[in-house]
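Chemist: Just dropping this structure here.
The values are calculated or read from the model by the stated rules, or taken from the named source; none is laboratory data. All values reported here derive from a predicted model rather than from experimental measurement. Cβ: placed from backbone, ideal geometry, glycine included. Neighbour counts: every protein chain shown. Side chains included, ligands, DNA and RNA excluded: accessible areas come from the protein's heavy atoms. Shrake-Rupley method; radii C 1.70, N 1.55, O 1.52, S 1.80 Å.
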Amino acid sequence: MFDATTRSGGTATVSPRSAAAELAVATAGGPVPPAGFAARVTRVLLSPWSRLSLLVLLLASAATAVLLFQPQQLLTDGWPPQLGGFAAAVAYAVAYGVCTVAFVPRPLLNLAAGALFGSQLGLASALAGTVLGAGIAFCLGRMLGQDALRPLLRGKWLKAADGQLSRHGFRSMLAARLFPGVPFAAANYCAAVSRMGLLPFLLATALGSIPNTAAYVVAGARASTPTSPAFLIALACIALPGLAGAVVAWRKRHRLRGH
């Protein structure tokens, strides 16, 4: 029994072991297997900057869709007649959340919630949409943007803000929601880039958004009676925090100029 070849009746035959060795030699200098190329492509697609680019693309597409479909027409056209009651409020909460991710201003959505569903159901729908939209933005920012953006937190103010959110996430986000000068989307993505947990973020968003959301919802529900006490109180609750925020911002800016 020969390892390479055997002869039977003058005919050379190749053993299975020799055939396997020849096949290995023949393919050793061939093209690179596709598995290596697929692994490189996967690494590129899952890299931090590729995921950040995907996040920017998703947000730009959502904002473009809002401009094309114009959901603010609900204020003039009303809710579809086939939806009513609790089902309509749930549908509006989902639409509210998606619209906040697409940078639709929350005051407009809150006014619409009050005009469509009244004060109580409108407030519940608007708060649910607020928490849903904040959660979607947080998860998108955490999965697609955190790895790329965290290495850029090198400035003094950026590091301080990141440390505050990471160590005292709940109370920091609660203050950001209560303070009218902090943009909703900016707070969402800042929290996502930090090391703040999702549950404290959602809880702080739900609690901190109640006063401002309620004021706008009541104003939307009582817009037909602008002289009613409820409408006037709602306007005061909207105007006074905004004025206080403007005064605080002006004083801080004045102090920075003085230094």
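Condition check ((1) under 26 Å from GLY208 (Cα atoms); (2) modelled with pLDDT of 70 or more) across all residues:
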{"residue": "THR27", "(1), (2)": "no, no"}
{"residue": "GLY36", "(1), (2)": "no, yes"}
{"residue": "SER53", "(1), (2)": "no, yes"}
{"residue": "THR64", "(1), (2)": "no, yes"}
{"residue": "PHE69", "(1), (2)": "no, yes"}
{"residue": "CYS99", "(1), (2)": "yes, yes"}
{"residue": "LEU116", "(1), (2)": "yes, yes"}
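Chemist: I would also like to ask the following. Out of curiosity, is PHE138 in a helix (DSSP H, G or I) and at pLDDT below 85?
Modeler: In short, no.
Yes or no, residue by residue, for (1) in a helix (DSSP H, G or I); (2) touching a Leu at 6+ places or on another chain (Cβ under 9 Å); (3) among the basic types (Lys, Arg):
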| site | (1), (2), (3) |
| --- | --- |
| MET143 | yes, yes, no |
| ARG150 | yes, no, yes |
| ALA160 | yes, no, no |
| LEU165 | yes, no, no |
| PHE170 | yes, yes, no |
| ALA191 | yes, yes, no |
| LEU203 | yes, yes, no |
| ALA223 | no, yes, no |
| ILE238 | yes, no, no |
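Chemist: Keeping to segment 106-124, report how many residues are assigned to a helix (DSSP H, G or I), more than 22 Å from the chain's Cα centre (by Cα) and surrounded by fewer than 19 Cβ atoms within 10 Å (Cβ to Cβ).
Modeler: 2
Chemist: May I ask you to verify whether ALA176 is in contact (Cβ under 8 Å) with a residue 12 or more places away in the chain, among the aliphatic types (A, V, I, L, M) and crowded, with 21+ Cβ neighbours inside 10 Å?
Modeler: Answer is yes for this residue.
Chemist: Answer yes or no as to whether ALA148 is at pLDDT below 90, hydrophobic (A, V, I, L, M, F, W, C), surrounded by fewer than 23 Cβ atoms within 10 Å (Cβ to Cβ) and touching a Cys at 6+ places or on another chain (Cβ under 8 Å).
Modeler: When the stated conditions are applied, ALA148 does not pass them.
Chemist: Additional query: Yes or no: segment 205-217 includes at least one residue that is part of a helix (DSSP H, G or I), farther than 21 Å from VAL131 by Cβ and open to solvent by less than 50 Å² (accessible area, probe 1.4 Å).
Modeler: Looking through segment 205-217, none of the residues is part of a helix (DSSP H, G or I), farther than 21 Å from VAL131 by Cβ and open to solvent by less than 50 Å² (accessible area, probe 1.4 Å).
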